[in-house]
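Colleague: Sharing a structure with you now.
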Amino acid sequence: MKPKKLLCLFSVVILTLAFACSCSSESDKEQKSFQHPKVKALDFTLPDLDGNQVNLKENYSKQPVLLYFWATWCPHCRKAPEKLKKLMRRYDSDELMILAVDVGSGDSLERVKRYRDKNHIPYTILYDKGSRVTRSYNVRGIPLFILIDTDGNIVYFSHEVPENLDRFLKKG
């Protein structure tokens, strides 16, 4: 074999061995448990449909809060009220609070009130006129559900209603 080819082959073998040694084994990866970094929820105050000011931090310091970003015109949001009503029946008010934040875009306050009354919504609806809170939470599609624990940490973030809240509500 020519010296140049031999040198090239030797270099490839050395680089392959170096790469293989630098990679951790699959069993090492399995032993390390993934831990999601804790992200604090951004505090805000918004009016409910009756004009009362509702502050997020005041509520999550008492019980976990499920934020639900939605709009009356959203077809995917129409399934959520029944699922949220089930959650309310399962958890007492000191175990979970639901704050439904209408994103404000495309909805008037009167339209949201009519929707609440027509659909017998029992949870608190907040009106985000100007979508300030919606933008601060970087909402990119609705419905969006964000569960905040009593320390103010976001422990769930999804476009689906959480099926098993217990696993997210337990203190670790």
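Colleague: Is it true that S33 is more than 27 Å from S136 (Cα to Cα), at pLDDT below 95, of a type in the set (G, A, S) and in a loop (DSSP other than H, G, I, E, B)?
Modeller: The answer is yes for S33.
Colleague: Taking segment 59-84 as the search range and keeping residues that are surrounded by 19 or more Cβ atoms within 10 Å (Cβ to Cβ) and aromatic (F, W, Y), which one is nearest to D166 (Cα to Cα)?
Modeller: Here the residue is Y60.
Colleague: Right, here's the next one. Return the residues of segment 85-121 that are part of a loop (DSSP other than H, G, I, E, B), touching a residue at least 60 places away in the same chain (Cβ under 8 Å) and surrounded by fewer than 18 Cβ atoms within 10 Å (Cβ to Cβ); say none if nothing qualifies.
Modeller: E95
Colleague: Here is a follow-up. Does segment 141-161 contain any residue that is free of Cβ contacts under 8 Å to residues at least 40 places away in the same chain, in a helix (DSSP H, G or I), within 22 Å of K57 (Cα to Cα) and not acidic (D, E)?
Modeller: No - not one qualifying residue is present in segment 141-161.
Colleague: Another question, then. Return yes or no: is I146 among the β-branched types (V, I, T) and touching a Cys at 6+ places or on another chain (Cβ under 9 Å)? Even if it seems obvious, please write down each step before you answer.
Modeller: On the way: among the β-branched types (V, I, T): yes; touching a Cys at 6+ places or on another chain (Cβ under 9 Å): no.
Against the criterion (among the β-branched types (V, I, T) and touching a Cys at 6+ places or on another chain (Cβ under 9 Å)), I146 does not qualify.
The values are calculated or read from the model by the stated rules, or taken from the named source; none is laboratory data. On a predicted model such as this, the values are computed, not experimentally measured, just so you know. Reconstructed Cβ throughout: ideal geometry from the backbone, glycine too, with neighbour counts over all protein chains shown.
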